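Shown next, in C-alpha cells, is the structure this report addresses.
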Protein chains: 2
Amino acid sequence: MSFIKIPTKGMRDFTPREMEIREYVLSIMKETYMSFGFEIIQTPIVEHIENLTSNQGGENEKLIFKVLKRGEKLDLEKATNENDLVDSGLRYDLTVPLTRFYANNMNDLISPFRAFQYGTVYRADRPQKGRFREFMQCDLDIFGEKTNLAEIELIEAIVTFLRRLSFNNFEIRINDRRILLAMIASSGLPIEKANDILISLDKLDKILVEGVKEELTRDGYDESKIDAYLKLFMEDSPLKEFCQNFEIDENIVNSLDEIMKQVSEDLDCKIVFDPTLVRGMGYYTGPIFEIRVDDLASSVGGGGRYDNMVGNFINQSVPACGFSIGFERLVLLLEERGFVIPSKKEKIAYVVSDKNNLSNALKKANKDRNNNQIAAVYYRSKNYKHQKEVLESNGFTIIED
Amino acid sequence: MSFIKIPTKGMRDFTPREMEIREYVLSIMKETYMSFGFEIIQTPIVEHIENLTSNQGGENEKLIFKVLKRGEKLDLEKATNENDLVDSGLRYDLTVPLTRFYANNMNDLISPFRAFQYGTVYRADRPQKGRFREFMQCDLDIFGEKTNLAEIELIEAIVTFLRRLSFNNFEIRINDRRILLAMIASSGLPIEKANDILISLDKLDKILVEGVKEELTRDGYDESKIDAYLKLFMEDSPLKEFCQNFEIDENIVNSLDEIMKQVSEDLDCKIVFDPTLVRGMGYYTGPIFEIRVDDLASSVGGGGRYDNMVGNFINQSVPACGFSIGFERLVLLLEERGFVIPSKKEKIAYVVSDKNNLSNALKKANKDRNNNQIAAVYYRSKNYKHQKEVLESNGFTIIED
C-alpha cells in the first residue's frame, strides 16, 4: 500500500480552525464587493493549454501544471515533446480565464461589467514560506468603463472591505503608467526601453537612487539623461506640482487627481501619489495602485488599468481596470494579529452517557440549531476528561445529561 | 493567435445569474451543516497519483485527469508508459482526500470528527446532459462514531438543509448492508457472490422481479434458492416484521428501527425501510440511505456506513458514516422550478449623465451599501435605452441624476 498522508508538494490541507478565518474573510469580501454591484462569476480550473501559453502570463507560463491528454489522443510513441502530451493545464491566474469568460459571455453581461472572481490558482513554483503551489486569488475587474469611475469604484470597494476586516492603518499608493512614461521621455531616455528602465526604478526601495543610477549607467544610458530622470523623483511635492517638471497631457494628471480627491473625500482614507510606484506588469495603460498595511512590508493587493489587453486578446476594444487582493497574505496577517471572528455563534455539545437520554438531547440540539446556534450531540467517551478538554478547547459549552 | 473562447470540454463557465443560485445553495448548506457541529475542511484539488489509484475509487480511477511531472522529473525519452510521465492527478471525489486529510490531521481533530467538505472534483467522463467533467461535491462525514448516532445526525442535517431550500416532498429510503447479506445467506445463495447478486437486485426498478430472476438464473444459481431469495422481497411489511422471514442479528434490525423512529419523530419526515435499496458501492458495512424528491427519478443524495475503508487505508480502525448530496442536481432542480432566492438585497443603479453629479451619486451609493443594499454607479451610455433595459432585467432600480 503506497498511501501518502501529506498533501502534494507545496499544497495544503486546511483544518477547521484554519478554514474558519478563510471562510470569514471570503464572506466579508463577497458581501462588500457585491454591495458595490460586482457580480460573482466562475470559470473552470482546467484551461486550454493554448490560452495558458498565449504570452499573457509572463513568467507564470513557465510554472504551469500541465494535464495529460486522455484516451486515444495520447500517443506516447509519437510524442517528441511535452506539447504532444498535453491539451490543457491548471490556470495560473484568474485573468486568463476572465478574458476567455468575457469573450464567451459578453452578450449576456451588463455593460460596463463588474466581475468578482475568486478561486484557487496553480503555479509549480519552488515552495517557500508563504508561497504555495495552490492558492486563492480574488479579483475585481470592471470591463467597458473608460472613465476613472472604474478606478474610483474599485478602490472604494477594496477600502470598504479592508475596513470591515478591521484594517485601519493602510495607505493607498497611486501612480499612472503614462506619468512613468512621460518622465522617461522628457528626460531624453529612450522610450522604447521603458520596460527595462522601469524594472530598475522598481528597485528604488531596495537599492536607493545610487543603485538605480548604477544600473542605468551599466545599461549604457547617457549620464546627463539619467541624472535628469532621477532628479525628477527628488521633488517631494503633490501630484499636480510634481507633474509640472516634465511634459505630460494635463488630462491624465487631472483624472488621477480626481480619483485621489474623490476616494479620500468619500472614505476619509490616505491615498498618496507615489511616482516611484511601478507595479511590474508592462500591460498597464493608465492609473496603477496598490495598498499597503502597517505590519507588512509588501502590498496586500494592487491593480490598475489595462485597456489594451482584453481587446487585443478578443479582437475588440474593451477598456478594463482590475484589482487583485492578496487573500493568503490577508489571512496570514489576521492570524498573526490574533484576529477574533466577531459575533460567532454559540456552540453547544450535548454529551450523553445514558442512551435513554439520547432522544432528549437530539431534540434540544435541534431547538438550538433553529435558534441560530451550533449544537452537536456526542456519546460520552471512555476517556471523558480528554473528550471534554478537546470540546472545550474547540469552543463548545458542554451540557451533560 | 490560437485563443479559444469556450471552456475546456465538459467544463463550464458560470455567469452571475447562474452563480447566484449556486452561492445561495452553498450558503444555506454551510449554515445548516455547521449548525449541526460539522466543521469545514479543505484539501487540494491536486492529489498524489498513488492515492488516486489505490483501488478506493472503482470505475472513477479510469477517469483521472493526470498531471505531468515537472522539470527534471519528466524524462520523455525514458518514459515507456503514462505512469512514467505523471506524479499527481485531479481528485475524482472528496473521499480519497478526506481519508488522507484524516490520516494527516487526526491528532488535531475533535473525536468523533464531523467533517463538511465541499469543492470541485474532476472526471474525464464522456460529457452528456447534466454530466460534467468539473462538478461540485458536498460531503458530510462522521469519523469515530460507532453507534447509530452518526446516521441520525447525518440524516437530520440533510433533511433540515433540504427543507431550508423549500424541498418538502422528499422521501428517505433506508436499508442495511447486513440485511442485504443476511437475505442472500438465508436463501442459500452463495454469500461470496453477494456483490454480483446485489448488482442484479439493484436493477429491480428497471427489469422487475422477472428480469432479476432471469439474470440470476443465467448466472447459474439454483432456481429454488433464487425463488426463495426473491420471495423475501414480495413481503410488503415494516422493517421488524420483514426481517422475521430470515435469520439476522436482532441488534442490527433494532438499530435501524431506532434511526427511523428517531428521525421521523424529530423532524416529522417520511423515512421508509426499502429492502431493495443497494447503493452500489461494496464498501458499505451497515445502514445505507438515500433521499429522493418528487420531481426527480434518481436520488438527490445518499450515503451510508463504511466502517472498514478508512481503517484499512490508514492501518487503524475508524468507524465512518457519510452522506453526499448531489449539488449539481439540486441546483438544476431549483432552476427548473423557477426557484426565487428569498430576501434578496435591493439593487440600485445610479446612472449619471452630468459628470458634476458623479460625486453626489457615489456618496448616495456608499450610503446604500452601508444600509445593506447593493448599489452601483454608471455613466449614462450613448444607447441609454439598451443600458436601462439590461440594468432593469438584472434587477436594478435606476436612479438618474
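For chain A, the relative contact order is 15 percent, taking Cα pairs closer than 8 Å that sit 6 or more residues apart in sequence and dividing their mean separation by the residue count. Counting neighbouring beta carbons within 10 Å and listing from fewest to most, the residues B:Asp176, A:Asp205 come out as A:Asp205, B:Asp176.
Summary for B:Gln373: label point 7 Å along Cα→Cβ; distances to the equivalent points in the other copies, ascending, 3.7 nm.
Among the GluC sites (Glu not before Pro) in segment A:340-401, those located in a DSSP loop and surrounded by at most 15 other Cβ atoms within 10 Å of their own Cβ are A:Glu346.
Enumerate the aspartates and glutamates that B:Lys364 could reach by cross-link, defined here as Cα to Cα under 15 Å, with residues fewer than 8 away along the same chain left out. Partners within reach: A:Glu153, A:Glu156, A:Glu265, A:Asp266, B:Glu346, B:Glu400, B:Asp401. Between A:Leu332 and A:Glu241, the contour length at 0.36 nm per residue exceeds the alpha carbon distance by 28.9 nm. All other residues with a Cβ under 13 Å from the Cβ of B:Val272 taken together, and with Lys, Arg as +1 and Asp, Glu as -1, what is their net charge? Its environment carries a net charge of -1.
With one equal scatterer per alpha carbon and no solvent term, the Debye-computed log10 I(q)/I(0) for segment A:203-309 at 0.13, 0.24 1/Å reads -0.62, -1.48. Is the C-alpha gyration tensor of segment A:7-59 telling us rounded, prolate or oblate? Criteria: a/c under 1.5 is rounded; beyond that, a/b larger than b/c is prolate, otherwise oblate. Oblate, because a/c is 1.5 or more while a/b does not exceed b/c. For segment A:46-176, the orientation-averaged shadow of the C-alpha convex hull comes to 11.7 nm² (one quarter of the hull surface). Comparing mean-square fluctuations of A:Gly303, A:Gly282, A:Gly130 from a GNM of chain A with C-alpha springs under 10 Å, the top value falls on A:Gly130. Each label was represented as a point 7 Å from its Cα along the Cα-to-Cβ direction; for B:Ile399 and B:Ile207 these points are 6.7 nm apart.
Under the rule a/c < 1.5 gives rounded, and otherwise a/b versus b/c splits prolate from oblate, where does segment A:142-219 land using the Cα gyration tensor? It would help to have the intermediate numbers written out before the result.
Working: a/c = 3.94, a/b = 1.70, b/c = 2.32.
Because a/c hits 1.5 or more and a/b fails to exceed b/c, segment A:142-219 counts as oblate.
Hey, got the average number of other protein chain Cβ atoms within 10 angstrom for residues in B:149-160? Partner Cβ neighbours, averaged per residue: 2. Using 0.36 nm per residue and subtracting the Cα-Cα separation, the extra length available between A:Leu296 and A:Glu223 on full extension is 22.7 nm.
What number, in nm² with one decimal, is the all-direction average of the projected area of the convex hull of the alpha-carbon atoms of segment B:100-186? Could the numbers behind the result be given before it?
Numbers: hull surface 38.2 nm².
Its Cα hull, projected and averaged over all orientations, spans 9.6 nm².
Each residue of segment B:218-281 gets 127 Å³ once the volume of the Cα convex hull is shared out per residue. The GluC sites (Glu not before Pro) of segment A:27-107 that meet both conditions, a loop assignment by DSSP and at most 14 other Cβ atoms within 10 Å of the site Cβ, are A:Glu77.
Within a 10 angstrom radius of the beta carbon, how do A:Asp93, B:Asp202 rank from fewest other beta carbons to most? If you can, show how the numbers build up before the last one.
On the way: A:Asp93 18, B:Asp202 15.
With the sparsest Cβ surroundings first, the list reads B:Asp202, A:Asp93.
Counting other Cβ atoms within 10 Å as a rough exposure proxy, the listed residues B:Met106, A:Met34 run B:Met106, A:Met34 from fewest neighbours to most.
Based on Cα atoms of the protein assembly as shown, Rg over Rh with Rh as the Kirkwood radius reads 1.02.
Pairs of Cα atoms nearer than 8 Å and 6+ residues apart set the relative contact order; for segment B:347-400 it is 52 percent. Legend: mean number of C-beta atoms from other chains within 10 angstrom of residue C-beta atoms, peptide B:100-107, equals 4. In this structure the amide hydrogen of A:Glu400, modeled in the peptide plane, comes within under 5 Å of the amide hydrogens of A:Val351, none closer than 5 places in sequence on its chain. Extent along the principal axes, Cα only, for segment A:347-400: 30, 26, 10 Å, with the longest axis given first. In this structure the amide hydrogen of B:Asp202, modeled in the peptide plane, comes within under 5 Å of no amide hydrogen from residues 5 or more places off or on another chain.
Would you tally the net charge around A:Glu156, using a Cβ to Cβ cut-off of less than 12 Å, leaving A:Glu156 out, and scoring K and R as +1, D and E as -1? Here the count lands on -2.
Over all Cα atoms in chain A, the spread is summed up by Rg and Dmax: 26.2, 91 Å.
What FRET efficiency would be calculated for the residue pair B:Ile4, A:Gln128, taking the C-beta separation as r and a Förster radius of 30 Å, to the nearest 0.05? Write down the numbers at each step before the final one.
On the way: r = 33 Å, r/R0 = 1.12.
Efficiency at R0 = 30 Å is approximately 0.35.
Every read-out reported here was derived from the displayed coordinates using simple, explicitly stated rules and does not represent laboratory data. For clarity, every value in this text was computed on a predicted model and none was experimentally measured. As a convention, Cβ positions derive from the backbone with ideal geometry for all residues, glycine included, and neighbour counts pool all protein chains shown.
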